[in-house]
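Student: Have a look at this one.
Laboratory data are not the source of any read-out in this text; all were calculated from the coordinates shown. Owing to the predicted nature of the structure, the values given are computational and were not obtained by experimental measurement. Here Cβ is always computed from backbone atoms with ideal geometry, including for glycine, and neighbour counts include all displayed protein chains.
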Amino acid sequence: MNQTSPATFAAGTRIAVISAAWHADIVDQARQSLLAELGHLGLPPEQVDCVDVPGAFEIPLLAQRIARQGRHAAIVACGLVVDGGIYRHDFVATAVIDGLMRVQLDTGVPVLSCVLTPHAFHEHAEHREFFTRHFVLKGQQAAQACVQVLAAARQVQTWGA
């Protein structure tokens, strides 16, 4: 992904971040990384609103409510859906991603996903360390993608002017 230069947000831009509390120690790495990168890219921390939900399944409803308020230019969702040994994780992951896509298509507000569903995640040090580092990277990438999608939206909006 291309690096984006600072001060690339329009004045007054607000971003919402929704984070699942399930595996918060890992998921919070994405949020913290996202916030740091957004700051580096020129978005003051006071223009980012964060909310926590119990798990990833609850993210699309909050994303929809936030998008319908019309105050935020984009929403970033952070969560970890793990395979607990039953097939439920497949349904949850599909529901979450489909829900996030529906929110952005229905409202026109970009919704970026840091909701990850690893094929194999186990509660041991190696996986926890790997996914902790991976969520740091995903937070940075989500911030950069946010800047890029908002810039593209501004460009497209000028086509009709």
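Student: For the chain, find the longest principal axis of its Cα atoms and tell me its angle to the long axis of helix 125-159, 0 to 90°, nearest 10.
Tutor: Between the helix axis and the principal axis of the chain, the angle is about 20 degrees.
Student: Name the cysteines of the chain that stand alone by the Cβ rule: no other cysteine Cβ under 4.7 angstrom.
Tutor: Flagged as lacking a Cys partner: CYS50, CYS146.
Student: May I ask which residue of HIS127, PRO45, THR107 lies farthest towards the positive end of the charge dipole of the chain, with charges of +1 (Lys, Arg) and -1 (Asp, Glu) on Cβ and the Cα centre as origin?
Tutor: THR107
Student: Could you work out [θ]222 nm for the chain from helices alone, using -39500 (n - 2.57) per DSSP H run of at least four and dividing by all its residues? Round to the nearest 500 deg cm²/dmol. Present the calculation step by step, with values, prior to reporting the outcome.
Tutor: On the way: 4 runs with 83 residues, N = 161.
Using -39500 (n - 2.57) per qualifying helix, the result is -18000 deg cm²/dmol.
Student: Just to check, using Stokes-Einstein with a Kirkwood Rh over alpha carbon pairs, what's the diffusion coefficient of the chain at 37 °C and 0.692 mPa s in µm²/s?
Tutor: On the way: Rh = 16.0 Å.
D, rounded to a whole number, is 205 µm²/s.
Student: Give, in nm to one decimal, the length gained when the segment between LEU105 and LEU61 is fully stretched (0.36 nm per residue of separation minus the Cα-Cα distance). Walk me through the intermediate numbers first.
Tutor: Numbers: separation 44, 0.36 × 44 = 15.84 nm, distance 1.41 nm.
Full extension of this stretch gives 14.4 nm more.
Student: Pairs of alpha-carbon atoms within less than 8 angstrom and 6+ residues apart define the contacts here; what relative contact order does region 15-159 have, in percent?
Tutor: Details: 240 pairs, mean separation 48.1, N = 145.
So the answer I get is 33 percent.
Student: Report the charge-dipole magnitude of the chain in Debye, nearest 20, computed about the Cα centre from +1 at each Lys and Arg Cβ and -1 at each Asp and Glu Cβ.
Tutor: Working: 11 positive and 14 negative charges, 116 e Å.
Magnitude of the dipole: close to 560 debye.
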